[in-house]
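Engineer: Dropping a structure here in structure tokens format, bear with me for questions.
Any read-out appearing in this document is the output of simple, stated calculations on the displayed coordinates, not a laboratory observation. A quick note: this is a predicted structure, and the numbers were derived from the prediction, not measured. Neighbour counts run over all protein chains shown; Cβ positions are idealised from the backbone, glycine included.
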Amino acid sequence: MKLKKIPDILYRFTLADFLFILAVFGLALGWIGHMPVFKRYYLADLPGMTWTGDYMLINEINLASASLAAFLIPQRIIKYYNEKHRTDGNHARVRLINILFAGFFAGVLMKIIATGMGLNIPRNVIFIIDMIYMTVSASFILGTPMIWLSGKIAVKVKDKAGIKKESGI
Amino acid sequence: MNISRKDFLKKSALGAGIAALSLSSAADASENSELATLIDLRKCIGCEACVYACQEANAHKYPEPAKPFPKMYPERVKVSDWSDKRDVTDRLTPYNWLYIQRTQVEHDGKTIEVCAPRRCMHCQEPPCAHLCPFGAAHKQANGATTIDPDICLGGAKCNAVCPWNIPQRQTGVGPYLDIAPSYMGNGVMYKCDRCVDRLDKGQLPACIEACPEGVQKIGPRDHIADEARRAAKEEGAYIYGLEENGGTNTIYVSAVPFEKMNNAIASGQGNPHMDKVASVMKKSNILASALIIAPFAGAAASLLRIGDKIKKYIGETRNETEKNT
Ligand code: SF4
Ligand code: SF4
Ligand code: SF4
């Protein structure tokens, strides 16, 4: 039996889906929170957010989230190829988000391997990896909401024009 | 840039004085060993020859800030300017990477004055390097941790995560000036680089070479650690730095317990403590190991689920075939 106030989409989510979303949030926080500007611009001063000012904790959240995401990714890949309900427009958007996520996750892994595992990697290589990590993280974290919004707008426009509704990302 | 342990030993064979470990023992050391220094506080007389030698040898690396400094936003971001206080020698600053920490300690019924040369500990697992967002702080193959002034933006994260708050900031220098000086970055962080350029040339670090009392030694870490342990066992000395923060490449030996020294130190920014330090990177290292296992575990779990589904499908098909026959 469905509870009235819970949106339909939540019923479709499995525990693995929620954990994956949690891991993605953890990775995003890991990227934003690892830079000193996060503290500079009062983000860590917001009520209830002071814990985000702890660099070690943010690093540990980043690593834990990366492990959780790495554990869930094989299952996500299988699920992605099993899903046939998406319409063409949304499929392109989902694919784009997946590509951005793949880049982001590769950046996270490179960053962790380069600086978090005590390997003797030349400093200029670490610098390049840091720059890649910055770029792919910003692309995913800023790009995903934009792609998602574009999907919602497309649905609204089509609704107005009387075109059959897409399922939404 | 990096001098290997082997190169160091070869080159220092020519120039090493009493400060270096005996080369025969060093040659026996394992190939993977990092270089560490042993600082014997029982010998230090606090003359500061090492402090001035450090300043002279590293003067060319000191910041020459452009003034006036860019206005900082938000206003709570303060500039750190030591450029007019270059002669400060009683704490760590961007212009003073080594200082003598003087303490008076009551021990065995006597008052003992201890002089401790303090600088970067060159941790084996340096959080400053592991957590630097731009890869400016970096651990060299020889065990020293350095900060590249051409990359560092002066956000001071290294200072925040360092258990001893060693790196010190100077505003008005570095690449932040070319990016968004008012809104991002605040200069460059400075600290002892264990005379990376001198080691490259096969010379000893300046502070080690200048000391008239032979307080410091540099050599493969396993030998330095053995020597510290021997002093503890045979001479009743106390050790600091061997286990701190999971192990450092700066190991102190003292006649008085470090706990007592720590209680006598007015520690704070630029005045590092001598307290026990648990490994800062320990949890992160465990999580990093989990990350190595996670994708394999995830793939195995997925395969098991697929296997279950296939089994179920075969079972259902067989049941249906049996029903139909
Ligand atoms: S030069 Fe030697 S004796 Fe003098 S303060 Fe430095 S370590 Fe101590
Ligand atoms: S003592 Fe501090 S600055 Fe030095 S290597 Fe360790 S963490 Fe880095
Ligand atoms: S090792 Fe070099 S940089 Fe470090 S304190 Fe000694 S002289 Fe200074």
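Engineer: So how tilted is helix B:221-235 from the main axis of chain B? Cα-based, degrees 0 to 90, rounded to 10.
Structural biologist: Roughly 60 degrees between the two axes.
Engineer: In the structure shown, do any of B:Lys110/B:Lys276; B:Lys139/B:Lys201; A:Lys39/B:Lys71; B:Lys85/B:Lys191; A:Lys79/A:Lys158 have a Cα-Cα gap over 22 Å, and if so which?
Structural biologist: Values: B:Lys110/B:Lys276 24 Å; B:Lys139/B:Lys201 19 Å; A:Lys39/B:Lys71 18 Å; B:Lys85/B:Lys191 16 Å; A:Lys79/A:Lys158 28 Å.
Beyond 22 Å: B:Lys110/B:Lys276; A:Lys79/A:Lys158.
Engineer: Give me the extension gain from B:Asn271 to B:Glu322: residue separation times 0.36 nm, minus the current Cα-Cα distance, reported in nm with one decimal. Write out the running numbers ahead of the final one.
Structural biologist: Working: separation 51, 0.36 × 51 = 18.36 nm, distance 8.29 nm.
Separation in residues times 0.36 nm, less the Cα-Cα distance, equals 10.1 nm.
Engineer: Kindly provide the pair-distance distribution of the protein assembly as shown built from C-alpha pairs, with 10 Å bins from 0 and whole-percent values in order of increasing distance.
Structural biologist: Reading upward from the zero bin: 4, 16, 24, 21, 15, 9, 6, 4, 1, 0, 0.
Engineer: For a test of the definition: using alpha carbon positions, the gyration tensor, and the 1.5 limit on a/c, classify segment B:69-140 as rounded, prolate or oblate.
Structural biologist: Numbers: a/c = 2.74, a/b = 1.55, b/c = 1.77.
Taking the square roots of the gyration eigenvalues as a ≥ b ≥ c, segment B:69-140 is oblate.
Engineer: Now, a different point. Could you please rank B:Val256, B:Val88, A:Val136, B:Val188, placing first whichever residue has the fewest other Cβ atoms within 10 Å of its Cβ?
Structural biologist: By the 10 Å Cβ count, ascending: B:Val88, B:Val256, A:Val136, B:Val188.
Engineer: Turning to a different aspect of this structure: Quick one: if the Förster radius is 56 Å, what FRET efficiency do A:Ile99 and B:Lys67 give, using the C-beta to C-beta distance and rounding to 0.05?
Structural biologist: 0.75
Engineer: Would you mind ranking B:Arg76, B:Arg119 so that the residue whose beta carbon has the fewest other beta carbons within 10 Å leads the list?
Structural biologist: B:Arg76, B:Arg119
Engineer: Using helices alone, what [θ] at 222 nm do you get for the protein assembly as shown, with -39,500 (n - 2.57) per DSSP H run of 4 or more residues, divided over all residues and rounded to the nearest 500?
Structural biologist: Numbers: 16 runs with 234 residues, N = 494.
Rounded to the nearest 500, it is -15500 deg cm²/dmol.
Engineer: With chain B treated as a Gaussian network of Cα nodes joined by springs under 10 Å, which of B:Gly307, B:Gly268, B:Gly202 yields the largest mean-square fluctuation?
Structural biologist: With Cα springs under 10 Å in chain B, the top fluctuation among B:Gly307, B:Gly268, B:Gly202 is at B:Gly307.
Engineer: Once a ≥ b ≥ c are taken as the square roots of the eigenvalues of the Cα gyration tensor of chain B, is the result rounded (a/c under 1.5), prolate (a/b larger than b/c) or oblate (a/b not larger than b/c)?
Structural biologist: Values: a/c = 2.25, a/b = 1.59, b/c = 1.42.
Prolate shape, in that a/c is at least 1.5 and a/b is the bigger ratio.
Engineer: Another question, then. Between A:Ile153 and B:Lys282, how high is the FRET efficiency from 1/(1 + (r/R0)^6) when r is the Cβ-Cβ distance and R₀ = 35 Å? Nearest 0.05.
Structural biologist: 0.15
Engineer: Sketch the reach of a paramagnetic label on A:Thr14 as a point 7 Å from Cα along Cα-to-Cβ, and name the residues of segment A:57-78 whose backbone nitrogen lies under 16 Å away.
Structural biologist: Only A:69-78 fall inside the zone, counting backbone N under 16 Å.
Engineer: Could you point to the residue in A:Leu19, A:Met35, A:Ala64 farthest towards the positive end of segment A:13-87's charge dipole, with +1 and -1 charges on the Cβ of Lys/Arg and Asp/Glu respectively?
Structural biologist: About the Cα centre, the residue reaching furthest to the positive side is A:Leu19.
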